Amino acid sequence: MVTTNETIFEKEIKTMKNILIVNASKRRNGNSYALEAKIADQLNGKAEVATFNIGQKQVNACLACDACKKQHTPNCIQKDDFTELIPLIDKCDGMLILSPVHWDQFPAQLKAFLDRTYSFMDFTQPDMSVASRKDKKIGGYFFAGFGPVDVYTNMVETDIKSFTTAGFTSYKAHVAGDANVPGSIMEKPDDLKAADEMVEWLLK
């Protein structure tokens with residue numbers, strides 16, 4: 001016989017959110033990694049968390065071959081780490097991107113990641129998407145060493161909307177300015193508060 005406590009525990013596990021953290025930085029001692037560790041600890045026991053560190057993975061550029069358009073399901077003929085991640089991108093409840101700003105825009109490795117979500121696009125669908133879920137949340141938390149934070153925030157908001165094709169229809173964006181020194185994010189209470197609020201939003 002299953003006890004009441006066990007039943008409640010199993011129910012909590014089943015309703016736990018699945019969060020994918022995508023780290024687009026190549027600096028292993030940088031701010032993206034520092035915040036990733038903090039957020040992973042914050043989510044411990046509250047969500048099932050998977051991390052994908054682009055700098056340590058193989059994410060090829062999109063070939064624009066349109067082979068994925070013949071399958072009518074999220075897939076890619078390339079055999080790399082992004083292709084293996086597609087099912088998780090499709091099924092997760094929310095995705096959090098941690099990334100530096102490079103030359104006023106997405107770094108190249110994150111742009112390649114975004115381009116590969118073309119594998120979710122299907123021109124035969126009314127909304128041009130074959131994502132199995134279209135109610136997911138995406139948060140974009142970026143670090144800028146120099147430059148106008150408001151301009152970078154607009155850039156992030158515009159670019160993460162492109163993930164709509166993969167089923168991410170709600171978004172939040174934040175840019176931490178003056179964050180070029182590795183680990184300096186941990187000394188910025190306002191930016192840490194923004195990260196906490198983004199995490200809580202992803203969990204709702």
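Taking only the C-alpha atoms, wrap a convex hull around the stretch 8-141 and report its volume per residue in Å³ as a whole number.
Details: hull volume 16.4 nm³, N = 134.
Hull volume normalised by residue count: 123 Å³.
I need the P(r) histogram for the stretch 77-204: all alpha carbon pairs, bin width 10 Å from 0 out to the longest distance, whole percents.
12, 41, 33, 13, 1
Listed highest first by mean packing, meaning other Cβ atoms within 10 Å per residue, what order do 141-148, 128-135 come in?
141-148, 128-135
Which one of V59, A108, N154 has its Cα pushed farthest toward the positive end of the charge dipole of the chain, where Lys and Arg give +1 and Asp and Glu give -1 at the Cβ?
V59
Where does each of 182-189, 52-59, 28-35 land if you order them by average Cβ count within 10 Å, highest first?
28-35, 52-59, 182-189
Quick check: pseudo-label points 7 Å beyond the Cα along Cα→Cβ at Q56 and L88, how many nm apart are they?
Modelled inter-label distance: 1.1 nm.
Which of A194, A47, P74 sits farthest toward the positive end of the charge dipole of the chain, with +1 on the Cβ of Lys and Arg and -1 on the Cβ of Asp and Glu?
Going by the charge dipole, the pick is P74.
Using only alpha carbon pairs under 8 Å that are at least six residues apart, calculate the relative contact order of the stretch 45-147 and give it in whole percent.
Across the stretch 45-147, relative contact order equals 34 percent.
From largest accessible area down, sort W103, W201; use a 1.4 Å probe on the protein chains.
Correct descending sequence by accessible area is W103, W201.
Tell me the Kirkwood hydrodynamic radius of the stretch 131-204 in angstroms, computed as one over the mean inverse distance between distinct C-alpha pairs.
Numbers: mean 1/r = 0.0762 Å⁻¹.
Value: 13.1 Å, from the Cα pair sum.
Rounding to the nearest 20 debye, state how big the charge dipole of the stretch 19-155 is about its Cα centre with +1 on each Lys and Arg Cβ and -1 on each Asp and Glu Cβ.
180 debye
Taking the Cα centre of the stretch 79-167 as origin and charging only Cβ (+1 Lys, Arg; -1 Asp, Glu), how large is the dipole, in debye to the nearest 20?
160 debye
Where in the stretch 157-177 is the amide nitrogen less than 17 Å from a point lying 7 Å along the Cα-to-Cβ axis of Q105?
Those under the cut-off are 157-163.
Quick check: residue separation of S170 and N18 times 0.36 nm, minus the Cα distance between them. What number comes out in nm?
Extending this stretch completely gives an extra 53.2 nm.
Can you pull the one-decimal nm distance between simple spin-label points at E187 and D66, each 7 Å off the Cα toward Cβ?
Output for this residue pair reads 5.4 nm.
Any idea how far apart K79 and F146 come out in nm if each label point goes 7 Å out from Cα toward Cβ?
Label at K79, label at F146, 4.5 nm between them.
The values are calculated or read from the model by the stated rules, or taken from the named source; none is laboratory data. None of these values were measured; they are calculated from a predicted model. FYI the Cβ positions are ideal-geometry reconstructions off the backbone, even for glycines, and counts take in every protein chain you see. These area figures cover heavy atoms from the full protein model, side chains too; ligands, DNA and RNA do not enter into them. Shrake-Rupley method; radii C 1.70, N 1.55, O 1.52, S 1.80 Å.
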